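Heads up, the thing below is written out as structure tokens.
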Amino acid sequence: MANVQLLSRTTANGYHDHNFVTLIERRTDHLAITAPLINGQRQARQRMHRVRAKRVVLATGAHERPLVYSGNDIPGNYLAGAISTYIQRYGVIPGNKLVVSTSNDEGYRAALDWLESGRDVVAIADARPTPDGDLVKLARLKGIVIITGSAVIEAHGTTRVRSVDIARINTERFVVAGNATRYACDTVASSGGFSPVIHLSSHTGGRPQWRDDILGFVPAPVKGMLMAGGAQGIYSLAAVLNSGREAGMRAACEAGGQEKAPALPQARTRRDGAAIALYQVPHRKTTLRAPKQFVDLQNDVTAAAIELATREGFESIEHIKRYTVMGFGTDQGKLGNINGLAIAARVLNRTIRRWVRRCFVLTIRPSPLAPSPAGTATNCSSRSAIPLCISGMWSRARCSKMSGSGNVRGTSRST
């Protein structure tokens, strides 16, 4: 369409009041370390677009959650989705013998991809007592061993995974309900469900809402904002495509355009079984005595550290996060925060729905300090007129242009 501009390599890094959205376009980062010269002019590396929209559709997807169990930091532990991505997108099989530990049907996808690649699937440990989705039936037809009501409670190895212990578990009582069996393997794939990516919607001030049916947070209603796909807990391909079409049509109509339904590609309908809530896998020993169960792998935050924080009297999740530094890594808690919240809620005998009312932190990816505003000249100086504001420190560029005052030397101080 002639009146539509498509910005590739662009991230929305801010969603402000009244549907004001800031976009960071990576214009030349993919070309070279330094921006190229065109007609003697140095091109902008990145550019900020400031957009005031009548309607905003967020189709930001969802992050897969890992399971928290002992030894989950040993090389060879993967997310189930990562296994499928390595195989399907890059043609790489990161091991020979796979064990899957899952609480939903997505773990079976990784096992089937692994088996079709000619490698050995040792077993699938499914925490659900009676899984019955289409992928489960297909795995049974392929002859994959499925151990129901069970999970990987510990992985063994030093430089990489060598074996795992699988045991029956009681998720309601949070105990190991049977003897553990050891299986030799070199790769473990885990899947604990999905967390909708709602960081942008949280920027508007709306508090996320917990939904037990999808075991995740969804955005609070915001005027002028529409959600589509995984961002609102819809994960099957056919339903995601239909959700995106409906959101786009509604946004177009409400913005004054004409309703014209686009044709959708054909997608196979797949029946998935219900997932089970499993954020931390119990161990034969107590959490404080068991081998380390990592929740935040970047900051080495363990389930024991979260439990210890509650024993020290920290009952607010904000205090627990600061006591343990959970979620302060570069991933900003995308993998571990939901598991950490659930562990703290279990220890304090509370529910996530009634206790946790938190906002997710922006931005979703690193942003530069001073991208060129859209519409300005492409000849960019290395000097910045934007102050640096990071973690309680502020500073000004060594030489910055201030209105009516000429060049001034930069200053910095701690606050």
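The values are calculated or read from the model by the stated rules, or taken from the named source; none is laboratory data. Remember, predicted model here, so these are calculated numbers, not experimental data. So basically every Cβ, Gly included, is an ideal-geometry build from the backbone, and we count neighbours across all protein chains shown. To get the accessible areas, we keep the full protein, side chains included, count just its heavy atoms, and leave off ligands, DNA and RNA. Shrake-Rupley method; radii C 1.70, N 1.55, O 1.52, S 1.80 Å.
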Net charge of Cβ neighbours under 13 Å - reference Tyr183; Lys, Arg +1; Asp, Glu -1: -1
Per residue accessible area in Å² of the chain, where ligands, DNA and RNA are left out and the probe is 1.4 Å: 54 Å²
Cα-based helix-to-principal-axis angle, 80-90 vs the chain, degrees rounded to 10: 60 degrees
In a GNM of the chain with a 10 Å cut-off on Cα contacts, which of Lys321, Lys97, Lys137 has the highest mean-square fluctuation? Lys137
Indicate the gyration tensor shape class of the range 56-117 (rounded, prolate or oblate), computed on the Cα atoms with a ≥ b ≥ c the square roots of the eigenvalues: a/c under 1.5 is rounded; otherwise a/b larger than b/c is prolate and the rest oblate. oblate
Taking θ as phi - 60°, what are the ³J(HN,Hα) couplings along the range 155-171 by the Karplus curve (6.51, -1.76, 1.60), each to the nearest whole Hz, with x for Gly and Pro? 9, 10, x, 10, 7, 6, 5, 10, 6, 9, 9, 10, 9, 5, 10, 10, 6
Mind checking which of Asn242, Thr287, Thr181 is farthest towards the positive end of the chain's charge dipole, using Cβ charges of +1 (Lys, Arg) and -1 (Asp, Glu) about the Cα centre? Asn242
Quick check for me: using +1 on Lys/Arg Cβ and -1 on Asp/Glu Cβ, what's the dipole size of the chain about its Cα centre, in debye to the nearest 20? 1220 debye
Shape of the range 189-251 from its Cα gyration tensor (a ≥ b ≥ c, root eigenvalues): rounded if a/c is under 1.5, otherwise prolate when a/b > b/c, or oblate? oblate
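Mind giving me the FRET efficiency for Ile38 and Val92? R0 is 41 Å, r the Cβ-Cβ distance, nearest 0.05 is fine.
According to the calculation, E is roughly 0.65.
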Tilt, helix 237-254 to longest principal axis of the chain (alpha-carbon atoms), in degrees rounded to tens, equals 30 degrees
The chain: relative contact order as a whole-number percent, Cα under 8 Å and 6+ apart: 18 percent
HN-Hα couplings for the range 176-186 via Karplus (6.51, -1.76, 1.60; θ = phi - 60°), in whole Hz with x for Gly/Pro, come out as 7, 9, x, 6, 8, 10, 9, 10, 6, 6, 10
In the chain, what is the count of Lys pairs whose alpha carbons are under 30 Å apart, counting only pairs at least 8 residues apart or on separate chains? 15
Looking at the square roots a ≥ b ≥ c of the eigenvalues of the Cα gyration tensor of the range 209-285, which shape do they give, rounded for a/c under 1.5, prolate if a/b is larger than b/c, or oblate? oblate
If one takes the longest principal axis of the Cα atoms in the chain, at what angle in degrees, from 0 to 90 and to the nearest 10, does the Cα axis of helix 106-116 lie? 80 degrees
Roughly speaking, what is the stretch gain from Asp17 to Asn349, that is 0.36 nm per residue apart minus the C-alpha to C-alpha distance, in nm to one decimal? 115.9 nm
Order of 140-147, 209-216, 263-270 by packing, highest average Cβ count within 10 Å first? 209-216, 140-147, 263-270
Who wins for biggest fluctuation among Gly257, Gly230, Gly193 in a Gaussian network model of the chain, springs between alpha carbons below 10 Å? Gly257
Which value, in Å² rounded to 10, gives the accessible area of Val347 with a 1.4 Å probe and all protein chains present? 50 Å²
What FRET efficiency, computed as 1/(1 + (r/R0)^6) with R0 = 25 Å and r the Cβ-Cβ distance, is obtained for Lys292 and Arg271, rounded to the nearest 0.05? 0.10
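What percentage of the solvent-accessible surface of the chain, computed with a 1.4 Å probe over protein heavy atoms, is contributed by carbon and sulfur atoms?
After summing per-atom areas, the C and S share lands at 51 percent.
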Given Cβ charges of +1 for Lys and Arg and -1 for Asp and Glu, the option among Pro94, Thr204, Phe314 whose Cα lies farthest towards the positive end of the dipole of the chain is Thr204
R0 = 60 Å: FRET efficiency of Ala263 with Lys285, Cβ-based, nearest 0.05? 0.60
